[in-house]
1. Given a Förster radius of 25 Å and the C-beta distance between residue 188 and residue 276 as r, what FRET efficiency does 1/(1 + (r/R0)^6) yield to the nearest 0.05?
2. Looking at the stretch 2-234 only, what percent of DSSP beta bridges run antiparallel? Nearest 5 please.
3. Express in nm, to one decimal, how much length is gained between residue 11 and residue 310 on full extension, taking 0.36 nm for each residue of separation and deducting their alpha carbon distance.
4. Once Rh for the stretch 203-243 is found with the Kirkwood sum over Cα pairs, what is the Stokes-Einstein diffusion coefficient at 10 °C and 1.306 mPa s, in µm²/s?
5. Treat the stretch 257-303 as a sphere of radius equal to its Kirkwood radius over Cα pairs and apply Stokes-Einstein at 37 °C in a medium of 0.692 mPa s; give the translational diffusion coefficient in µm²/s, rounded to a whole number.
6. When all alpha-carbon pairs of the stretch 1-60 are counted, what percent fall beyond 16 Å?
7. To check my understanding: the extent here is largest minus smallest coordinate of the Cα atoms along each principal axis. What are those three numbers for the stretch 241-341, in Å, largest first?
8. What's the extension gain from residue 130 to residue 252 if we count 0.36 nm per residue and subtract their Cα-Cα distance?
Amino acid sequence: MVIRYSRILEKGLEDVFYCWARIKSDQSDIQERFINCRPSDFWRISGDETRYTEFISYYIKPSGFITVSLRSKDVFRNGLFELRTVLPRWERGPMIWFGFENEDLFGGGCIHFMWDSANSLLRAFAGGFISRAEMDLTKFISEKVSQEYHFYKIFFTEDFAIWYINDRLRAFAIFADGDNRDSKILYDDHPYVVSLVRDRPSAKLGVLLDIDAGDISKTYIWDKIHPWSLRVSETYEKPMIYIDLYQSNSDLKIVGQEIMKRIYSAPFPGVFDYIKISFKTSGEGVLTVEEYDDEWSEYDKIKIRSNVKNNIYIDKKRSLLYRVLYEPYNTGVIKEAHVIMK
């Protein structure tokens, strides 16, 4: 199963998506009505380009419509969603939802982005009807988000999801079941947000492209979205995740820094079967690995010798989050600081 432009070019939008709209009812005893529509009535695409790969296209929510929603006919296990677009800003404008969701209002689970066009807010959602995490990603976007193309990417497996903006990982969601705790944000700063989701999404999810709410007396046109820039497929069940360690609450990588005082890394998820932390510095000190399950505690501690690579494996048990604390004896440059997870 795959969504890509060649399929739409050959067979049309109707082969890939179904479409429904929500409108006000003209009957006194009925407030609103869902109606079945053709995707091509609202998403107008062409092969014309203003420049290479920047196609002329329009996704329209006409006046009088509360919602226009495109939903894929295919559903995806271990899904990978990629969209290159410009997110519009509109006064009193609607919300734009894009990513994975089976049905309206998070039914069957959701893992997607939401752009609030009126307030210039970008969020990531994960969960379902009962409980979900809502992660604010606005701090990671530039002022040019509505003037220039950016890449938005989501990757999910049965245990976690990852959101990217351009080439940067900006959000993790850890999936769990049970009723001993609610969905919540575990870490909300730079370089990414980490959340716990109690209402695990469905194993297979469809794709949505949805324009919702706003001033329904106005027509809204999302004019920088084209099927050439949309790719969705199934991907690896147990991918290898490689991330650099960042200084906590910053976008600054630890590697390459000259360290003279204690430094914490940003936390990273602990839901993987295999976790290896690699650390090397020109100085000497103590490296402590800490784990989080409602509070931080020490997991392991090792002495660091100059220019010796250290690999620490997390294999005794699993906690929600881990982080490292490095306390130098003397000044040194960090030569290696990353985590491999699988």
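1. On the way: r = 26 Å, r/R0 = 1.05.
That pair, residue 188 with residue 276, gives E of 0.45.
2. Values: 81 of 86 bridges.
Here the share of antiparallel DSSP bridges comes out near 95 percent.
3. On the way: separation 299, 0.36 × 299 = 107.64 nm, distance 5.43 nm.
Answer, rounded to one decimal: 102.2 nm.
4. On the way: Rh = 14.5 Å.
Translational diffusion coefficient: 109 µm²/s.
5. On the way: Rh = 12.6 Å.
Reported coefficient: 260 µm²/s.
6. On the way: 1032 of 1770 pairs.
Counting pairs separated by more than 16 Å, the tail of P(r) holds 58 percent.
7. The Cα atoms of the stretch 241-341 stretch 33, 26, 25 Å along their principal axes.
8. Values: separation 122, 0.36 × 122 = 43.92 nm, distance 3.64 nm.
Length gained between residue 130 and residue 252: 40.3 nm.
FYI, it's all coordinate maths here, none of it is from the lab. Every value quoted in this text rests on a predicted model; they were computed, and no experiment measured them. Glycine also receives a Cβ, built like all others from the backbone with ideal geometry; neighbour counts cover every protein chain displayed.
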